[in-house]
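Chemist: Dumping the structure here so I can ask a few things about it.
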Protein chains: 2
Amino acid sequence: MTIADVAARAEVSPITVSRALREPARVSEPLRRRIDAAVRALNYVPDQHARALASARTNVVGVLVPSLTNTVFADVLRGIHDRAGKTDLQVQFANTRYSPLEEERLIRLFLSQSPAALIVVGIDQTQAGAKLLRAAELPVVQIMELGPEPFDMMVGFSQFGAGRAMTEHLLGAGYRRIAFLAARLDPRSNRRMAGYRAVMAEAGLADDSLMVQTKAPSSVQVGCELLREIMARRPDIDAVFCNNDDIALGALFECQRLGIAVPEHLGVAGFNDFEMSAAAEPPITSVATERYAMGVTAMDMIAKSIIGEPPEHKVVDLGFHLCPRASTRPSRAEAAARPRKPARPKVAKETR
Amino acid sequence: MTIADVAARAEVSPITVSRALREPARVSEPLRRRIDAAVRALNYVPDQHARALASARTNVVGVLVPSLTNTVFADVLRGIHDRAGKTDLQVQFANTRYSPLEEERLIRLFLSQSPAALIVVGIDQTQAGAKLLRAAELPVVQIMELGPEPFDMMVGFSQFGAGRAMTEHLLGAGYRRIAFLAARLDPRSNRRMAGYRAVMAEAGLADDSLMVQTKAPSSVQVGCELLREIMARRPDIDAVFCNNDDIALGALFECQRLGIAVPEHLGVAGFNDFEMSAAAEPPITSVATERYAMGVTAMDMIAKSIIGEPPEHKVVDLGFHLCPRASTRPSRAEAAARPRKPARPKVAKETR
DNA sequence: AGAATTCGTGATAGCGCTAGCAATTTGGTC
DNA sequence: GACCAAATTGCTAGCGCTATCACGAATTCT
């Protein structure tokens, strides 16, 4: 079942079939109809390998992410994958395991296979990796955060700004001794922490002993441990801002174990607005990010670039939004706007 | 940078280079050394497309899973991916969205690209899909569960048996009116439910009003809703066996909200032993399954098959094990073995 | 009217690699 | 020393597709 079979059936030359499939506009109406009919009758599927070999191009989009299991990236991948299904692009994932060197190796590997485009996470590639991506003659999208001098395109939000926003929210709710709990600090968590630090410093409340971290990857268990640690070191804290919602959930569980009332004695805030956070008791204050949309948008930008219509904006800020919930006291603004007795908080729609 | 460049540098013919790379044993020691040196000096990477075109074979393993975000599959994918990194096999994922028809479409699509092997989930393919896979001349691994007449190979565990085991454990702990909470029932959840039903029937305790389910996919939020529903319908229940740990977590949160003491008034058990379950307060009784190992084993079997050494056992049972925790009363056997006052349960190591 | 351009189609020549066979060398066997 | 089998290397001919150029016919321009 090759292009020649289709050509024979449609009584045209193979090259015309090839054109009808790739650039229908360049083939006359009647031929195109005959060819389409033949393709359908024979259930013809072009051979990707032959196509790639002959044209020195592929329809494979390489995606380099630090982790395949972290919910954050799983959501982005789902967006990428869903959108890819609507084009003829294929997706090839690879796992950098949070290692810039591994990422560089994978960049080399992928580039050697001349993919249609690449998606990488963040802005902290190695120098060599950055140079390769900048020089590459293909669409490149950096996702998850924003920064100056994109290699090509960018879709994300300000991690620093999000860290600031949550910290400001907590200050606005009257918290003063706010601890920061962090698992393995990848570059994005680091920038959130920088946002926290900046706000605390501006308020004259900065204090390094309020910050606890570990090299272990983020998990609920780690959240438990970090909470015990900070409570041992600084029993006077009045809130914890957790790097990630699983840390926050662990912190909440540990509070229950230790008999610490949330939010009365301790406010607990997370980041990323995982599905479980809104359902927890009490529901956990968090910052929602547009992970799925990020994947979709990245693929959209790539699809447009490939057909020669690069997107209007090369850098897209999808923003974030704060989700104040009962695990922290309401801020003054909210308290004014709400009825006295806070009703069961409405749970945002959580679709998969 | 082609095989010809390497051949020129090593002063041999291109075909010898090709052989040295694919079947080193068939090339003499000295030539092999010269060729290896040339490959490294030129940083040569064979063109996958040319290779696939010429040999009518690829090194791509297709993986069809129902979901990319569900932790269960994310863990399996990680195993598959990790192991693939140690061979020269590439992995291509696709998402069936729990639809057998979509799965069939993808089976056709993948087979038309003659992959090196296929991994599919479970035993509930459409008739046409099953026929295609049975006829396919390539390694096929069915994962996640076991069953009679594998297409080729199988790695999993008995979902029915696991459902039985948990239900028996709950009975052994003295629970009698055990509800079953289920989100969208995919075939595997169904078999777990069948295990529950069988044990309840044997004990003379079966009662359809004890079973609640919804079409929504599994989530913590859905766990909350299901718990409210069953408590409204059957306030006399003494335990809930949840389809999945996120349902169990939601049930636990809802118990906290409703003031139901766990495990005194209600035992809560889950399934899959997600990381958060051991860290919850109280820690949630669950059934651990070997998801990562399943992915690794599947890839191992495939790798062996491809080099012509099919694995000794075509069907591998990785089993499961019960993790009794404080969200259910201890069974009689455990109670006898343990000290009176249950210490904080040790948390199993949870590595990522 | 003749030249220049555009349009639609086709012929040719590879893309980089490997299957299959052919040629050569080596190491034994009778 | 002639002969055979095995081991080693190389040649030839594509795999299925597309880039490039070529060609005639239709269209536009001067």
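The values are calculated or read from the model by the stated rules, or taken from the named source; none is laboratory data. All of these numbers come straight from a predicted model, not from anything done at the bench. Ideal geometry is used to build each Cβ from the backbone, glycine not excepted, and the neighbour counts take in all protein chains shown. Protein only, heavy atoms only, side chains kept; ligands, DNA and RNA dropped before computing areas. Shrake-Rupley method; radii C 1.70, N 1.55, O 1.52, S 1.80 Å.
Chemist: Using a 1.4 angstrom probe and counting only protein chains, how large is the accessible area of A:Arg33 in Å², to 10?
Modeler: 150 Å²
Chemist: While we're here: For A:Lys215, which aspartates and glutamates qualify as cross-link partners when the Cα separation must be under 16 Å and same-chain residues fewer than eight apart are set aside?
Modeler: Within the straight-line limit of under 16 Å, A:Lys215 reaches these aspartates and glutamates: A:Asp186, A:Glu225, A:Glu229, A:Asp246, B:Glu350.
Chemist: Viscosity 0.692 mPa s, temperature 37 °C: what is the translational diffusion coefficient of the protein assembly as shown from Stokes-Einstein with a Kirkwood Rh over Cα pairs, rounded to a whole number of µm²/s? All intermediate terms of the calculation are to be shown ahead of the outcome.
Modeler: On the way: Rh = 27.9 Å.
Estimated via Stokes-Einstein, D reaches 118 µm²/s.
Chemist: Quick one: how many Å² of A:Lys304 are accessible to a 1.4 Å probe, rounded to 10?
Modeler: Surface open to solvent at A:Lys304 totals about 100 Å².
Chemist: Give the chain B residue with the shortest beta-carbon distance to the rotation axis relating chain B to chain A, plus that distance as a whole number of Å.
Modeler: B:His49, 2
Chemist: Going 7 Å from Cα along the Cα-Cβ axis for the label, what nanometre distances separate A:Asp88 from the same residue across the other copies?
Modeler: Spacings between copies for this position, smallest first, are 2.9 nm.
Chemist: Let me ask another. For the protein assembly as shown, with all protein chains present and a 1.4 Å probe, just round the carbon and sulfur fraction of the accessible area to a whole percent. Present the calculation step by step, with values, prior to reporting the outcome.
Modeler: Working: 16480 of 31320 Å².
For the protein assembly as shown, the apolar C and S fraction of the accessible surface comes to 53 percent.
Chemist: Something else about it: Would you mind telling me the antiparallel percentage of the DSSP bridges in the protein assembly as shown, rounded to 5? Before the final figure, lay out the partial values.
Modeler: On the way: 8 of 72 bridges.
That works out to approximately 10 percent antiparallel.
Chemist: I've got another one for you. Using Cα pairs closer than 8 Å and at least 6 residues apart in sequence, work out the relative contact order for segment A:3-46, in percent. Kindly include the intermediate steps, with their values, before the conclusion.
Modeler: Details: 36 pairs, mean separation 18.4, N = 44.
With pairs under 8 Å counted, the relative contact order is 42 percent.
Chemist: Still on this structure: Relative to the Cα centre, what is the charge dipole magnitude of segment A:3-46, using +1 at the beta carbon of each Lys and Arg, -1 at the beta carbon of each Asp and Glu, and rounding to the nearest 20 debye?
Modeler: Working: 8 positive and 5 negative charges, 17 e Å.
Using only the charged Cβ atoms, the result is roughly 80 debye.
Chemist: Okay, moving on. Rg(Cα) of chain A divided by 2.2 N^0.38 Å? Write down the numbers at each step before the final one.
Modeler: Numbers: Rg = 25.2 Å, N = 352, 2.2 N^0.38 = 20.4 Å.
Relative to the 2.2 N^0.38 Å estimate, chain A comes out at 1.24.
Chemist: Relative to the longest principal axis of the C-alpha atoms of chain B, give the angle of the C-alpha long axis of helix B:187-202, reported between 0 and 90° and rounded to the nearest 10°.
Modeler: Tilt of helix B:187-202: around 40 degrees.
Chemist: Now for a separate question. Could you name every residue in segment A:53-93 that has 10 Å² or more less accessible surface in the full protein assembly than in its own chain alone (probe 1.4 Å, ligands and nucleic acids excluded)?
Modeler: A:Leu53, A:Thr58, A:Leu68, A:Thr69, A:Ala74, A:Arg78, A:His81, A:Asp82, A:Gln90, A:Val91, A:Gln92, A:Phe93
Chemist: Let me ask another. Evaluate E = 1/(1 + (r/R0)^6) for A:Thr87 and B:Asp82, where r is the Cβ-Cβ distance and R0 equals 25 Å; express this FRET efficiency to the nearest 0.05.
Modeler: 0.30
Chemist: Related question: How many square angstrom of accessible surface are buried between A and B, both sides summed, with a 1.4 Å probe and rounding to 100? Walk me through the numbers on the way to the answer.
Modeler: Details: alone 17680 and 17660 Å², together 31320 Å².
Using a 1.4 Å probe, the pair buries roughly 4000 Å².
Chemist: Something else about it: Provide the per residue accessible area, probe 1.4 Å, for the protein assembly as shown, rounded to a whole number of square angstrom. Don't jump to the answer; show the numbers that get you there.
Modeler: Details: 31320 Å² over 704 residues.
Ligands and nucleic acids excluded, the result is 44 Å² per residue.
Chemist: Continuing with the same structure: Scan around B:Ala179 for amide H atoms under 5 Å from its own, H built in the peptide plane at 1.01 Å from N, and keep only partners 5 or more places away or cross-chain.
Modeler: B:Asp238, B:Ala239, B:Val240, B:Phe241
Chemist: What pairs from B:Lys86/B:Lys314; A:Lys86/B:Lys131; A:Lys86/A:Lys131; B:Lys86/B:Lys304 go past 24 Å between their alpha carbons? Mind showing how you got there, number by number?
Modeler: Numbers: B:Lys86/B:Lys314 22 Å; A:Lys86/B:Lys131 28 Å; A:Lys86/A:Lys131 31 Å; B:Lys86/B:Lys304 13 Å.
Beyond 24 Å: A:Lys86/B:Lys131; A:Lys86/A:Lys131.
Chemist: Of all DSSP beta bridges in chain B, what percent run antiparallel (nearest 5)?
Modeler: Working: 4 of 36 bridges.
Roughly 10 percent of the DSSP beta bridges within chain B come out antiparallel.
Chemist: Follow-up question, since we're still on this one. Could you tell me which of B:Val63, B:Gln113, B:Pro30 has its Cα farthest along the dipole of segment B:21-113 towards the positive end, charges placed at Cβ (Lys, Arg +1; Asp, Glu -1), taken about the Cα centre?
Modeler: Of the options given, the answer is B:Pro30.
Chemist: While we're looking at this one, here's another question. Taking the Cα centroid of segment B:129-152 and of segment A:151-229, what is the distance between the two, rounded to the nearest whole Å?
Modeler: Segment B:129-152 and segment A:151-229 have Cα centres separated by 48 Å.
Chemist: Report the rotationally averaged projected area of segment A:3-46 based on its alpha-carbon convex hull, in square nanometres. Please list the in-between numbers first.
Modeler: On the way: hull surface 9.9 nm².
Mean orientational projected area (segment A:3-46, Cα hull): 2.5 nm².
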